[in-house]
Amino acid sequence: MSENIETLRWNQDHFEMIDQRILPADFKYISYTSASSVADGIRSMVVRGAPAIGCAAAYGVALEALNLQDSSDDEFAKGMEDAFEVLAQSRPTAVNLFWAIDRMRTKMNESQGTVKEIANILLDEAHKVKREDIEINRTMGSHGAVLLNDGARVLTHCNAGALATAGHGTALGVFRSAVEAGKKISVIADETRPFLQGARLTAWEMVQENIPVTLISDNMSGHLMSQGEVDAVVVGTDRVAGNGDVANKIGTYMVAVLAKRHNIPFYVACPLSTIDRSITSGKDIPIEERPVEEVTGYRDCQWAAEGVNVRNPAFDVTPAELVTGLITEKGVVLNPTTEKINELFKS
């Protein structure tokens, strides 16, 4: 995916996001003009990936402020509170959503001036969130690229690429940075059932950039590891607990257990904004349950028996002891612990 394709962007007076539900068959942007419409876009998976969700939420706040810029102070305060609430309810697991909402709320409360001036300050802040995300991803990418040997065959789960962020990507950002550094790496993308983010999005991004990629179904990774065909695993994350436990797309835990069994390093690309030190372990991370239709079929095709019971947790938690290292914008934290994570926030 070339750098000039933006996952999300501001276009004159409105916000636009690539509709990731229809990739790779179709490519189009959807326009948004309010906080509630952005919340719908997040909930319905037009946009996904923790950093991208955070950026989208920041723009959702800015949109609502602009919509309210001609209102009274009291109307503005009430309307903005409603905007924060509707965005916060869109998806429960990705902590960047709440990080971005808190950042925008703090900026609003600190700002002086007319309602119109505050609205423009909030739009500037949303632009800043997006710029910073790309810079952080590039820094993480350079730290992570060092971990991969020339010729490495790297497995990834779900999509932690440019589509999951404001640009460059977290896990896929590591791959991009490794290639930019002159290393020849190849990517193994598992399908990532049930929403197929690996098959539809990761494979698409890698093909766009001519980075060698091989698609496998989720139940093939153990076999490839046992055959010595995987040199490292790099994934993204939606929330990291204070002790280093990692919540990521359902199926990540399985991959981590297999990697441990085969002595393959398991790395997690993780901006500091995704670390939630308010919770001590992964047991406290809320796990979103998504609609049963995602499991029983795909789009217009249903393959499961009518009337079957379905579970569809969207995430699982990988314990810190299975994580070889967290790749952050401040460097790589090997064998993460509460103490090591706290050190990251001291400077």
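Listed by first and then second residue, the pairs with beta-carbon distance under 8 Å, at least 6 apart or on different chains, first residue in segment 80-91 and touching a residue at least 60 places away in the same chain (Cβ under 8 Å), second assigned to a helix (DSSP H, G or I) and surrounded by 20 or more Cβ atoms within 10 Å (Cβ to Cβ), are Arg91/Ile42; Arg91/Ile53; Arg91/Leu97. Give me the residue from segment 256-276 that is out of contact with any strand residue (DSSP E or B) (no Cβ under 8 Å at 6 or more places or on another chain) and surrounded by 12 or more Cβ atoms within 10 Å (Cβ to Cβ) and, out of that set, farthest from Arg153 (Cα to Cα). My answer is Ser273.
Here's the yes/no breakdown for (1) exposed (fewer than 14 other Cβ atoms within 10 Å of the Cβ); (2) touching a Pro at 6+ places or on another chain (Cβ under 9 Å); (3) closer than 22 Å to Gly144 by Cβ; (4) at pLDDT 95 or above:
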{"position": "His223", "(1), (2), (3), (4)": "yes, no, no, yes"}
{"position": "Gly228", "(1), (2), (3), (4)": "yes, no, no, yes"}
{"position": "Gly236", "(1), (2), (3), (4)": "no, yes, yes, yes"}
{"position": "Val240", "(1), (2), (3), (4)": "no, yes, yes, yes"}
{"position": "Ile279", "(1), (2), (3), (4)": "no, no, no, yes"}
{"position": "Glu288", "(1), (2), (3), (4)": "no, yes, no, yes"}
{"position": "Asp300", "(1), (2), (3), (4)": "yes, no, no, no"}
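Ser37: over 25 Å from Pro271 (Cβ atoms) and part of a helix (DSSP H, G or I), yes or no? Judged against the criteria, Ser37 is a match.
The set of residues from segment 285-310 being part of a loop (DSSP other than H, G, I, E, B) and either touching a residue at least 12 places away in the same chain (Cβ under 8 Å) or among the polar types (S, T, N, Q) (or both) comprises Ile285, Pro286, Ile287, Glu288, Arg290, Pro291, Val292, Val308, Asn309, Val310. Taken over segment 138-164, the criterion of being among the β-branched types (Val, Ile, Thr) and over 15 Å from Lys249 (Cα atoms) is satisfied by Thr139, Val146, Val154.
Counting the residues of segment 232-262 that are under 21 Å from Gly141 (Cα atoms), touching a Lys or Arg at 6+ places or on another chain (Cβ under 7 Å) and assigned to a loop (DSSP other than H, G, I, E, B) gives 0. Can you confirm whether Leu322 is exposed (fewer than 15 other Cβ atoms within 10 Å of the Cβ), under 27 Å from Ser177 (Cα atoms) and hydrophobic (A, V, I, L, M, F, W, C)? So Leu322 does not fit the description; no.
Scanning segment 311-325 turns up at least one residue that is over 22 Å from the mean Cα position of the chain (by Cα) and either at pLDDT below 95 or in a loop (DSSP other than H, G, I, E, B) (or both). A count restricted to segment 65-104 and to residues that are charged (D, E, K, R) and either in contact with a Cys (Cβ under 7 Å, 6 or more places away or on another chain) or surrounded by 15 or more Cβ atoms within 10 Å (Cβ to Cβ) (or both) stands at 2. Looking across segment 165-178 at every residue that is in contact with a strand residue (DSSP E or B) (Cβ under 6 Å, 6 or more places away or on another chain) and among the aliphatic types (A, V, I, L, M), the one that is farthest from Thr252 (Cα to Cα) is identified as Val174. The number of residues in segment 106-119 that are free of Cβ contacts under 8 Å to residues at least 40 places away in the same chain, surrounded by fewer than 18 Cβ atoms within 10 Å (Cβ to Cβ) and in a helix (DSSP H, G or I) comes to 4. The residues of segment 178-199 that are under 18 Å from the mean Cα position of the chain (by Cα) and either charged (D, E, K, R) or surrounded by fewer than 24 Cβ atoms within 10 Å (Cβ to Cβ) (or both), listed by number, are Asp190, Glu191, Thr192, Arg193, Pro194, Leu196, Ala199.
Cβ-Cβ contacts under 9 Å between residues 6 or more apart (or on different chains), taken from a first residue in segment 125-145 that is in the same structural domain as Leu334 (by TED's automatic domain parsing) to a second residue that is of a type in the set (Phe, Trp, Tyr) and not in a helix (DSSP H, G or I), are listed as Gly144/Tyr267.
Of all the residues in segment 164-182, those that are farther than 11 Å from Gly236 by Cβ and in contact with a helix residue (DSSP H, G or I) (Cβ under 7 Å, 6 or more places away or on another chain) number 7.
The set of residues in segment 40-53 that are in a helix (DSSP H, G or I) and out of contact with any Leu (no Cβ under 6 Å at 6 or more places or on another chain) comprises Asp40, Gly41, Ile42, Arg43, Ala50, Pro51, Ala52.
The values are calculated or read from the model by the stated rules, or taken from the named source; none is laboratory data. Because the structure is predicted, anything quoted here is derived from the model rather than measured. Don't worry about glycine lacking a Cβ; one is built from the backbone with ideal geometry, like all the others, and counts go over all protein chains shown.
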